[in-house]
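Below is one structure, written out as structure tokens; the observations come after it.
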Amino acid sequence: MLNQPTSRRDLLRTGLVASAGVMAAGAHAATARVAPTTPMHHRYGPHPGMFHEHAGDQIEDQIAYFADQGFTGFEDNGMKGRSVEEQRAIAAALERRGVMMGIFVATDIDWTNPTLTTGEASHREKFVAQMKESVEVAKRMNTKTCTIVPGVEHRNIPHGAQTAHVVETLKQASAVCEASGLVMVLEPLNWRDHPGLFVRYSDHAYAIMKAVDHPCCKILFDMYHQQATEGNLIENIGRYWDEIGYFQIGDNPGRREPGTGEINYRNVFRFIHERGYKGVMGMEHGNSKGGKDGELALIEAYRTADSW
């Protein structure tokens, strides 16, 4: 049974509530500790709640637990919605354990109504203003990446015009990010889980990046979404490599850990490693089994996929 959320909206919602009590006084909840394991090739990044059966609900304890298992990345879609105090506490916990912070969602996502695709000034201004806020969050969290989604397509505006509207907004937002070096990573999403979204293919995202032409705007290549949409992962990763700024993981179908679906993650991980990627690879998926056994199975799945 799946014991983790599988949609972006569920992951956002769960992430915001998973750290209740992170600032509570007193000793942290006891966590199962093991001897340090052999380092993995990549900085695989769990999200809040992924190891709560072993570590409890406090994010600091979860970080301690998964760091002991050899995971050196972390991501939290809902980080921007946390209080400044929570953000600082989590950042300190990450620093103590040498864990790299990956993405958080930088701007509101309207899953129903067109926004950036319309070219309307109000939508563009709101997006740019929210990016200014996200720059400050990124500074507190010591991260250089954040997720953006252009939103829903507009049925009565030509596709090329919608692309131009998105490009113009991202150019303005990139200028906001430039001083801090924060990189917006635009995520194509499959239409099966997110019907009607404008950017779903990696070649479309690539064309947008080339038009924006700024180092603060790159692609988030979510392998779950792209396998569902187009497959051909290794070739497409290689083709669009120069504009990819971040990766996320999830097997297809099911959006669970590697080895539960059709993707040969050992080959994919090795290819990305050989190309020199050093950032976080976000584990944006659920666990295929519940309880502590499911969490241990997830760890084993990553050890297996990372072995070559």
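Bear in mind that the values in this text are calculations on the coordinates, not laboratory data. The structure displayed is predicted, hence computed values, not measured ones. Backbone-built Cβ (ideal geometry, glycine too); neighbour counts: all protein chains shown.
Some observations on this one:
- Long-range amide H partners of M100 with built H, under 5 Å: G73, F74
- Relative to the longest principal axis of the Cα atoms of the chain, helix 159-177 runs at roughly 60 degrees.
- Estimated vicinal HN-Hα couplings, Hz - the stretch 276-283 in sequence order (Karplus 6.51, -1.76, 1.60; Gly, Pro = x): x, 5, 10, x, 6, 10, x, 8
- Against the chain, whose longest principal axis comes from its Cα atoms, helix 291-305 is set at around 70 degrees.
- Helical mean residue ellipticity (222 nm; -39500 (n - 2.57) per DSSP H run of 4+; nearest 500) of the chain: -13000 deg cm²/dmol
- Tensor-based shape of the stretch 46-171 (alpha-carbon gyration tensor, a/c under 1.5 rounded, otherwise prolate or oblate): prolate
- Angle between the chain longest axis and helix 59-68 axis [Cα atoms, degrees, rounded to 10]: 70 degrees
- Sequence-distant residues sharing a close amide H with E187 (under 5 Å, placed H): I148, L220
- The mean of 1/r over all distinct Cα pairs in the stretch 159-308, once inverted, gives the Kirkwood hydrodynamic radius of 16.3 Å.
- Over 32 Å (Cα to Cα) - which of K218/K289; K210/K278; K132/K210 fall in this group: K218/K289
- Surrounding net charge for K278, when Lys and Arg each add one and Asp and Glu each subtract one, Cβ distance under 12 Å: +3
- Here the Kirkwood formula, the inverse mean of 1/r across different C-alpha pairs, assigns the chain a hydrodynamic radius of 19.5 Å.
- Environment charge of L116, counting only residues whose C-beta is closer than 14 Å and scoring Lys/Arg +1, Asp/Glu -1: -4
- Using the Cβ-Cβ distance between D242 and D57 with R0 = 30 Å, the FRET efficiency computed as 1/(1 + (r/R0)^6) comes to roughly 0.15.
- Cβ-isolated cysteines (cut-off 4.7 Å), the chain: C146, C217
- Charge dipole of the chain (Cα centre as origin; +1 on each Lys and Arg Cβ, -1 on each Asp and Glu Cβ, all else neutral): 280 debye, rounded to the nearest 20.
- For the stretch 111-209, the Kirkwood estimate of the hydrodynamic radius, built from every pair of different alpha carbons, is 13.9 Å.
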